[in-house]
Amino acid sequence: MLLVGGGVLAISIAAFFRVPLLPMIGIDLGMSATQLGLVTTGFAVGRLVIDIPAGRLTNRVQPVPLLAAAAFVLAVGSALFASARFPLWVIGASFVIGVASALTNATGMTFFSLSTTVERRGIALAAFSSALLGGQAVGPLVGGAIADVGGWRQAQAAAAISGLVVCIALLWAGGAPGRWARAGGDGDPGAFHPAGQPVPRSERIALRGVSFAMFFTLGAMPQTLVPVIGAQEFGLSATMIGAALGLGGFCRFVGGLFGGFVSDRVARRAALLPGLVLQAIGVGLIATTSAGGWLAAIVLMSLASWGISVGATVIADRAAPSDVGGLLGTYRFVGDLGLIAGPLATALLYERVGKPAAVLLVAGLLLATALACAVMVPETRWSTSGGRRGAVDGDSAGGDTRPT
């Protein structure tokens, strides 16, 4: 588990060197805010095209070779990024980095969801998210520092070298730690709904809506508007923007562990619904006109970002183990549709209408998703010190949860 988690962390660090570099790239290559949004969109499209195939691969190929392949693809994409001479080149390089990111996420999410029992699945997926988000914390900080000293091209060249080093290190470490663990399944005492039984369409839509809304927010705010606003409205350097995003990544690490703990020890819904609402409040703080409000928005959005892992936990609770990789691939696919739409829609609104309109769109989407989950998604795990509470098939999300 340490080897897989370490691979996810290292690849995520190098993949996110690029985020605080956007303002510098815009100046150097003459790109507008909308064009810079397309850089993030290119990354999302790269993830989108590989999400479902990668999800299926994780049921057939062991994790360490998959992570090594992801690291090599990252090295190629980062080298292309470093040598870019015009906007379309940058967007294409971002696409390749997105492919590496999707393969990394698919491998890590499937491995951690199947490597433990249902009672600990929430914290296991939180550990995966912590490795992923830990990379997103360190990556912008390191990338911004290198860019301020040597330029954005040198930062991306360093990411390419890092990808090659990680690839070699993973292959040298010697294969994968065994086959996927097939935890959970029918009869698991922590599951209300036996794994593998049909899931109502409304529930599937709501859970995929969580992925869409959270990735829409991630692409629109931390990966696009947050660095643009920091540079254009507050005059912050790449290092300062990277440090703020690094603090956000650390907060995601803390928030992810907290969300996983609540998901396992209290209830899945008790983690999911408040997380979506807090995320919306954090987005709302972007509308403030001070650098302090900008930083507070980063912190709150990051602390409340556990919705992605909790939604995946509910899906894994409901699925037969052999189906988990494919279902999580679809979950990430829908999320990456949001990662494409978010930067495009919000950057366009920011340029044409203004910051409040962009903020209202993202916050409203999060609140609508929270409402849909409150109505459509039932509890799938609820541990108490006095025993288990259950819900019979057919109960609504707010149905009878008295002790059985």
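So which residues in segment 197-213 are of a type outside the set (D, E, K, R) and either at pLDDT 85 or above or part of a helix (DSSP H, G or I) (or both)? Break it down stepwise before answering.
First, pick out the residues of segment 197-213 that are of a type outside the set (D, E, K, R): 197-200, 202, 205-207, 209-213.
Across segment 197-213, the qualifying residues are SER202, ILE205, ALA206, LEU207, GLY209, VAL210, SER211, PHE212, ALA213.
Within segment 138-171, the residues that satisfy the criterion of being over 19 Å from ALA70 (Cβ atoms) and in contact with a Phe, Trp or Tyr (Cβ under 6 Å, 6 or more places away or on another chain) are PRO140, ALA155.
Scanning segment 214-244 for residues that are outside any helix (DSSP H, G or I) and either in contact with a helix residue (DSSP H, G or I) (Cβ under 7 Å, 6 or more places away or on another chain) or crowded, with 24+ Cβ neighbours inside 10 Å (or both) yields a count of 3.
Criterion applied to MET31, MET1 was being at pLDDT 85 or above and among the hydrophobic types (A, V, I, L, M, F, W, C), and the one residue passing it is MET31. One residue is enough: does segment 120-137 have a residue meeting the conditions farther than 17 Å from VAL8 by Cβ and at pLDDT 90 or above? Looking through segment 120-137, none of the residues is farther than 17 Å from VAL8 by Cβ and at pLDDT 90 or above. I'd like to check something: does segment 75-82 contain any residue that is touching a Cys at 6+ places or on another chain (Cβ under 8 Å) and crowded, with 22+ Cβ neighbours inside 10 Å? Looking for residues that are touching a Cys at 6+ places or on another chain (Cβ under 8 Å) and crowded, with 22+ Cβ neighbours inside 10 Å, one finds at least one in segment 75-82, hence yes.
Has segment 108-126 got any residue that is within 17 Å of CYS167 (Cβ to Cβ) and touching a helix residue (DSSP H, G or I) at 6+ places or on another chain (Cβ under 8 Å)? If you could, list the steps in order and put the result at the bottom.
So in segment 108-126, the residues within 17 Å of CYS167 (Cβ to Cβ) come out as 108.
Okay, now just the ones that are also touching a helix residue (DSSP H, G or I) at 6+ places or on another chain (Cβ under 8 Å), so 108.
Yes.
Residue check: is VAL8 more than 18 Å from TRP152 (Cβ to Cβ), buried (at least 18 other Cβ atoms within 10 Å of the Cβ) and not acidic (Asp, Glu)? Spelling it out, VAL8 is indeed more than 18 Å from TRP152 (Cβ to Cβ), buried (at least 18 other Cβ atoms within 10 Å of the Cβ) and not acidic (Asp, Glu). Elements of the type helices (runs of 4 or more DSSP H) sitting completely within segment 1-119 and holding at least 3 residues that are farther than 23 Å from LEU327 by Cβ and without any contact (Cβ under 8 Å) to a residue 12 or more places away in the chain: there are none.
Only one entry of LEU348, LEU257 meets the criterion of being out of contact with any Leu (no Cβ under 9 Å at 6 or more places or on another chain), more than 30 Å from VAL45 (Cβ to Cβ) and among the aliphatic types (A, V, I, L, M), and that entry is LEU257.
Checking VAL310, VAL314, VAL359, VAL334 one by one, the residue that is modelled with pLDDT of 85 or more, in a helix (DSSP H, G or I), under 16 Å from ARG47 (Cβ atoms) and of a type in the set (Val, Ile, Thr) is VAL334 and no other.
Among the residues of segment 263-313, those identified as of a type in the set (Val, Ile, Thr) and buried (at least 22 other Cβ atoms within 10 Å of the Cβ) are VAL283, ILE286, ILE298, ILE308, VAL310, THR313. In summary, THR289 fulfils each of the numbered conditions (1) at pLDDT below 90; (2) in a helix (DSSP H, G or I) with the single exception of condition (2). Quick check on segment 375-382. Is at least one of its residues modelled with pLDDT of 90 or more, part of a helix (DSSP H, G or I) and more than 30 Å from SER290 (Cα to Cα)? Yes, some residue in segment 375-382 is modelled with pLDDT of 90 or more, part of a helix (DSSP H, G or I) and more than 30 Å from SER290 (Cα to Cα).
When the residues of segment 53-67 are filtered to those that are crowded, with 16+ Cβ neighbours inside 10 Å and within 17 Å of ILE97 (Cα to Cα), which remaining residue is modelled with the lowest pLDDT?
Going through the qualifying residues, I end up with ALA54.
Restricting segment 11-34 to residues that are crowded, with 24+ Cβ neighbours inside 10 Å and of a type in the set (Gly, Ala, Ser), the residue that is farthest from ALA238 (Cα to Cα) is SER12.
The values are calculated or read from the model by the stated rules, or taken from the named source; none is laboratory data. Bear in mind the structure is a predicted one, so any value in this text is a computation, not a measurement. No Cβ is skipped: glycine too gets one built from the backbone with ideal geometry, and neighbour counts run over all protein chains shown.
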